[in-house]
Amino acid sequence: MNMVDRASYEGVTAIVGLKIVPGMEDTVCNESGSLAGISHTFKSFGSFDVIVFLTLDHSDVPALLKRLKKVEGVLDVHPLKFVP
């Protein structure tokens, strides 16, 4: 199993789960990964199709969530609890 090194969490202020139109996972990872404030994107199995790490001030998170909802292929955006 490939685990994310704890150092990868440095600066992460939020983790978001995305529900994606089937077959658009790569497109969503590429587009969302290019947005300012996103440090990592991961394809996932289970409740969410893509997991996104945000690295920006907490006050900027709502605006980025709105931008993520506009990415082609994103059906739903779910902020997750995160304790660094």
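It is to be established whether one or more residues within the range 22-30 are more than 18 Å from L80 (Cα to Cα) and acidic (D, E). Checked against the condition, which is being more than 18 Å from L80 (Cα to Cα) and acidic (D, E), the range 22-30 yields at least one hit. In the range 55-73, how many residues are in contact with a helix residue (DSSP H, G or I) (Cβ under 8 Å, 6 or more places away or on another chain) and among the charged types (D, E, K, R)? Total meeting the criteria: 1. Among the residues making up the range 10-43, those that are farther than 16 Å from K69 by Cβ and acidic (D, E) are E10, E25, D26.
Only the coordinates and a few stated rules stand behind these numbers; no lab work does. Here the structure is a predicted model, which means the values were calculated and not measured. Note that each Cβ is placed from the backbone with ideal geometry, even for glycine, and that neighbours are counted across all protein chains shown.
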